[in-house]
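Undergrad: One structure, pasted below without further comment.
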Amino acid sequence: LIENQVDLIGMNKKKISVVMATAMAASMVAAVPMTASADDTVELTFMGWEASPLETQAVQDGIAKFEEQYPNIKVNYTPGLAGSEYNAKLLSSAAAGSLPDVMFVAAESYRNIVAKGALMDITDKFNEDYPLDDFIDSSRTIMDVDGHVYGISSCTVSPILYYNKDVFDAAGIEYPNADPANCWTIDEFREVAKQLTTDDIYGVYGLETVADTLNAQLLSNGATRYNEDYTESTMNSPEAKEVFETIKAIRVEDGSAPDASTLDAVGMSATQMLETGKVAMLISGSWSLQELAAAGMNVGMAPLPSYGEVLTTGQAHLHCISATTEHPDEAWLFLQFLSGMDYQGALTKSGLWMPNRHSMYEDDMVAQWYDDSVHGDSYKLMLDYFENAVVDPTAMQKSTQARDIIAEETDMYFKQDQDIDVTLENIDTRINAAIQEVLAG
């Protein structure tokens, strides 16, 4: 399906923008669906996870808007478990035939749940008013499973560099350039981190975070996570080794970065360390902007430092419909709403997400969600950086065990001096065994 779609790069994107803007506006005044009369109320069950109080409130606010547009549809939202516990609950619910009508599905477990036959195939739902080609490449790639689509990517989120402007000003150091064409190299970044490090301040935190930042650094240096069909781990390479050794050197040789135990000892999150000036720079997901902006700190943003190729990765959870829902039409209306301006646009405006549709990067649409008080002036230089993000390999992996394996092995390397060659060999051996277990059924 993806290969057969028309590449938007060769299309008149302004025309697409007009079409999508019209479709989004129409959705705000759409009539009550034909599947129910005005006197009937259809109840949809909707399940997700409790990422943060701010995000949960944003979801609930979005549901209220949807119910205003469709007064005959009531959405009962249940946030709860997260991570592997949430994935396990989805799989057990699928086996028991008790999935909610609509649900969050983590990108890394999406393909496993599709393989169970638990999600509704929505491939034929896309049309010229709601084109699949409007989704940016990273999101569209994640959505596609062997030519079929079973969920709509909720947005895109990417690792970026945050910095405390007050700490930079006090040190007399120039801010990083927000233009990806002029971003720091990893060597330039390392030198600045050393200059910013004092007895009271660490230069940086977050380089080694498996869930958020590591893949982008590996890909920037020409390393790969998997082979082309994601059936074999390919971490044991000189390119990956260089990235890990650089991260460790920034912490151990330079003394510029704390590990997670340091944050635990002071009782602060990574964003709180940045806000209070205990950390000068933070490498984290684009979603951290919502919390940082809400705190009112003097924050700046820039692309990740480059090991070679300037890039970031993109992924996010998907919104999916149960294969056994009794309300497929209403559930599809809800999925469209969740990827439109009333919902995705509002969460993008708050700083939590970035848009995953080409049309939302057009000037007229950007004007609707870009907030200077949240994003600042220089953030606009990074819009192409987000739109053209490469797909995060974690979203395409065959086994959900892979992330935990990498976290365990790299923790041994960073904190317990396990040899880097042993670390990379262990990662490949363990992940390949997990992949084979999945492939064997």
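Undergrad: From the helices alone, meaning DSSP H stretches of at least four residues, give me the mean residue ellipticity at 222 nm for the chain, per-run term -39500 (n - 2.57), in deg cm²/dmol to the nearest 500.
TA: Result for the chain, helices only: -12500 deg cm²/dmol.
Undergrad: Still on this structure, please answer the following. Would you tell me the accessible area of Thr234, worked out with a 1.4 angstrom probe on the heavy atoms of the protein chains, in Å² to the nearest 10?
TA: Thr234 has an accessible surface of roughly 40 Å² with all protein chains in place.
Undergrad: Whole-Hz ³J(HN,Hα) for each residue in the range 321-333, computed from phi via Karplus 6.51 cos²θ - 1.76 cosθ + 1.60 with θ = phi - 60°, x for glycine and proline: what do you get?
TA: 10, 5, 5, 10, 4, 8, 10, x, 5, 5, 5, 5, 4
Undergrad: Give me the percent of the accessible area of the range 388-441 that comes from carbon and sulfur atoms, probe 1.4 Å, all protein chains in place.
TA: Percent of accessible area from carbon and sulfur atoms in the range 388-441: 44.
Undergrad: Which residue, Phe126, Phe244, Phe66, tops the fluctuation ranking in a GNM of the chain built on C-alpha contacts under 10 Å?
TA: Of Phe126, Phe244, Phe66, the Gaussian network model singles out Phe126 as fluctuating most.
Undergrad: Given the whole protein assembly as supplied and a 1.4 Å probe, what does the accessible area of His317 come to in Å², nearest 10?
TA: 20 Å²
Undergrad: Tell me the label-point distance for the pair Glu128, Asp254, using the 7 Å Cα-to-Cβ offset, in nm and rounded to one decimal.
TA: 5.4 nm
Undergrad: Taking amide hydrogens as modeled 1.01 Å from N in the peptide plane, which residues meet the under 5 Å criterion relative to Tyr202, leaving out close sequence neighbours?
TA: Val279, Ala280
Undergrad: About its Cα centre, how strong a charge dipole does the chain have in debye, to the nearest 20, once Lys and Arg get +1 and Asp and Glu get -1 at the Cβ?
TA: Approximately 400 debye in magnitude.
Undergrad: Which whole-Hz couplings ³J(HN,Hα) result when phi for each residue of the range 89-97 is put into the Karplus expression 6.51 cos²θ - 1.76 cosθ + 1.60, θ = phi - 60°, listed in order with x for Gly and Pro?
TA: 5, 4, 5, 5, 5, 5, 5, 8, x
Undergrad: Right, something else. About the Cα centre of the range 110-268, how large is the charge dipole given +1 on each Lys and Arg Cβ and -1 on each Asp and Glu Cβ? Please answer in debye to the nearest 20.
TA: Here the size comes out at about 400 debye.
Undergrad: Among the listed pairs Lys194/Lys415; Lys65/Lys380; Lys89/Lys398; Lys89/Lys116; Lys278/Lys349, which have their C-alpha atoms separated by more than 24 angstrom in this model?
TA: Where the Cα-Cα span goes over 24 Å, the pairs concerned are Lys65/Lys380; Lys278/Lys349.
Undergrad: Comparing Lys65, Lys248, Lys125, which has the greatest mean-square fluctuation in the GNM of the chain with Cα pairs linked when under 10 Å apart?
TA: Ranking Lys65, Lys248, Lys125 by mean-square fluctuation puts Lys125 first.
Undergrad: Please list, by residue number, every one of the GluC sites (Glu not before Pro) in the range 284-355 that is coil in DSSP and has at most 14 other beta-carbon atoms within 10 Å. Don't skip to the end; give the middle numbers.
TA: On the way: sites: Glu291, Glu309, Glu326, Glu330; in loops: Glu309, Glu326.
Passing both the DSSP loop test and the Cβ count: Glu309, Glu326.
Undergrad: Here is a further query. For the range 170-248, with only Lys/Arg (+1) and Asp/Glu (-1) charged at the beta-carbon, what is the dipole magnitude about the Cα centre, in debye rounded to 20?
TA: Dipole magnitude for the range 170-248 comes out near 120 debye.
Undergrad: Given a 1.4 Å probe and heavy atoms of the protein chains only, how would you sort Arg225, Arg111, largest accessible area at the top?
TA: From most exposed to least exposed: Arg111, Arg225.
Undergrad: Given H placed on each backbone N at 1.01 Å, which residues far from Ser286 in sequence or on other chains put an amide H within less than 5 Å of it?
TA: Ser158, Ile160
Undergrad: Still on this structure, I have one more. Using a probe radius of 1.4 Å on heavy atoms only, what accessible surface per residue do you get for the range 113-254? Whole Å² is fine. Please report the intermediate quantities before stating the final value.
TA: Working: 5760 Å² over 142 residues.
Solvent-accessible surface per residue comes out at 41 Å².
Undergrad: To check you understand DSSP bridge types, tell me what percent of the beta bridges within the chain (both residues inside) are antiparallel, rounded to 5.
TA: 60 percent
Undergrad: Could you work out how far apart the two model spin labels at Ala171 and Thr324 are, taking each label as a point 7 Å from the Cα in the direction of the beta carbon, and quote it in nm?
TA: Reported label-point gap for Ala171 and Thr324 is 5.6 nm.
Undergrad: Using Cα springs under 10 Å in a Gaussian network model of the chain, which residue among Glu55, Glu43, Glu174 shows the largest mean-square fluctuation?
TA: Among Glu55, Glu43, Glu174, the largest GNM mean-square fluctuation belongs to Glu174.
Undergrad: As I understand it, the dipole of the chain uses +1 on the Cβ of Lys and Arg and -1 on the Cβ of Asp and Glu, about the Cα centre. Which of His358, Met120, Val75 lies farthest toward its positive end?
TA: My answer, from the dipole projection, is Val75.
Undergrad: If I fit a long axis through the Cα atoms of helix 238-252 and take the longest principal axis of the Cα atoms of the chain, what angle between them do I get, 0 to 90°, rounded to 10?
TA: It works out to around 60 degrees.
Undergrad: Extension gain Ser378-Lys65, at 0.36 nm per residue separation less the Cα-Cα distance, in nm?
TA: 109.6 nm
The values are calculated or read from the model by the stated rules, or taken from the named source; none is laboratory data. Given the structure is predicted, the values throughout are model-derived calculations rather than measurements. Reconstructed Cβ throughout: ideal geometry from the backbone, glycine too, with neighbour counts over all protein chains shown. Just so you know, the surface numbers come from the protein's heavy atoms only, side chains and all, with ligands and any DNA or RNA stripped out. Shrake-Rupley method; radii C 1.70, N 1.55, O 1.52, S 1.80 Å.
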